[in-house]
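Working notes, structure below.
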Amino acid sequence: MSPDPLVAVLLGGPSSEREVSLSSGAECVKALKAAGFRVTEIDPDDRIAAQLAEAAPDVVFNALHGRGGEDGAVQGLLEWMRIPYTHSGVAASALAMDKQKSKAVLAAAGLPVMQSRIVPRGEAEAAHMLPPPYVVKPNNEGSSVGVYLVQEGANAPPKLADTMPAEVMVETFAPGRELTTAVLDGKALTVTDILTDGWYDYDAKYRPGGSRHVIPAEIPPEIFAACLDYAERAHAALGCRGLSRTDFRWDEARGLDGLILLEVNTQPGLTPTSLAPEQAAHCGLSFPDLCRWMVEDASCAR
Ligand SMILES: Nc1ncnc2c1ncn2[C@@H]1O[C@H](COP(=O)(O)OP(=O)(O)O)[C@@H](O)[C@H]1O
Ligand SMILES: [Mg+2]
């Protein structure tokens, strides 16, 4: 890397998680400046290749979330352009973004995941595809965009919004607490217990005060250790790089058998109060130091 590298932060973009990415990106820009880097911002659109060529950065800091930015697409472009970038590469990003396919890989690695099916949305609206309780959600969106809960005893399947994709994931409801573990450079950081009133939806995730984070989680050592172990194994099984975050549900009535891996996020939220940066800070790595580490870790395969 040049002694005074220019870092381009990719933020915003056209995905349904644009707003989340704009706030992650703005915070990363601040932190990277505080860490002493020269920084430029790119809000990508169809001209992304030209936007990158014009900025000519030494490193891309990818603060995009959702489709295009988290699914291997932008990673592939950066490989072509030979620009080192943060987070996971093409294959891991594409795999993690597809919840059903990543679950197949995670299950093959011996990790506990919930039973699920991919069905046409019309079928999910016409009849129960699984015995309630279950959830219906997009297979490849993040930030709880379009997660429907069908309660136990519900008569009718859910009416889905028009914005839901043609095919949806129907997944057995995993009761219990919401736990999460970030992995940095292959090593799990800690476990956070996310407390919300009721359903952990988009609003609860991103509204200030929408949820409360208990860090480190006050859970039995056996469960704590399992979260660290599962998150590291999930990161490795999907071939992730840099920072990732693995989300769990834990049904305490069932002990270790009640711990289920919900998904792996290859582009976790990156504001200072987001889950992964909060875990890094808990482990002694400040937000600017975390961002600096990610720039130094950036790479591309070609
Ligand atoms: N099978 C499930 N059982 C219980 N809660 C779920 C289930 N699937 C999703 N949720 C809830 O919805 C949230 C978002 O779902 P998730 O699969 O992580 O998608 P996203 O990519 O939107 O984060 C989870 O954090 C959890 O609170
Ligand atoms: Mg999630």
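Derivation of every value follows stated rules applied to the coordinates shown; laboratory data play no part. Predicted model, so just to flag it, every value in this text is computed and none were measured. Cβ sites come from the backbone with ideal geometry, for glycine too, and all protein chains shown count toward neighbours.
Structural remarks
- Euclidean distance of C-alpha centroids, segment 219-298 and segment 119-185, integer Å: 22
- The angle separating the long axis of helix 99-108 from the principal Cα axis of greatest extent in the chain is about 80 degrees.
- Built amide H within the under 5 Å cut-off of residue 38, gap 5+: 7
- Residue 107 paired with residue 289, simple spin-label distance in nm, labels 7 Å along Cα-to-beta-carbon: 4.1
- A simple spin-label model places pseudo-atoms 7 Å from Cα toward Cβ; at residue 46 and residue 196 they are separated by 3.5 nm.
- Taking each DSSP H run with n ≥ 4 as -39500 (n - 2.57) and averaging over every residue of the chain yields -9500 deg cm²/dmol at 222 nm.
- Length added when fully stretched, residue 38-residue 236, from 0.36 nm per residue minus Cα-Cα: 68.1 nm
- Cβ-defined net charge surrounding residue 51, 14 Å radius [Lys, Arg +1; Asp, Glu -1]: -4
- For 213, 65, the sequence from fewest to most other C-beta atoms within 10 Å is 213, 65.
- Stretchable slack from residue 222 to residue 163, in nm (0.36 nm times residue separation minus alpha-carbon distance): 17.2 nm
- Those lysines that a straight Cα-Cα span of less than 23 Å connects to residue 137, excepting residues fewer than 8 apart in one chain: 99, 101, 103, 159, 205
- Projecting the Cα atoms of 181, 87, 225 onto the charge dipole of the chain (Cβ charges, centred on the Cα centre) puts 87 farthest toward the positive pole.
- The angle separating the long axis of helix 18-34 from the principal Cα axis of greatest extent in the chain is about 40 degrees.
- Dipole magnitude of the chain about its Cα centre (Cβ charges: Lys, Arg +1; Asp, Glu -1), debye to nearest 20: 300
- Remark: 273, 86 ranked as 273, 86, counting other beta-carbon atoms within 10 Å and listing the fewest first.
- Test item: Cα-centred dipole of segment 116-172, Lys/Arg +1 and Asp/Glu -1 on Cβ, debye: 20
- Full extension of the chain between residue 126 and residue 302 gives 58.6 nm of extra length, using 0.36 nm per residue less the Cα-Cα distance.
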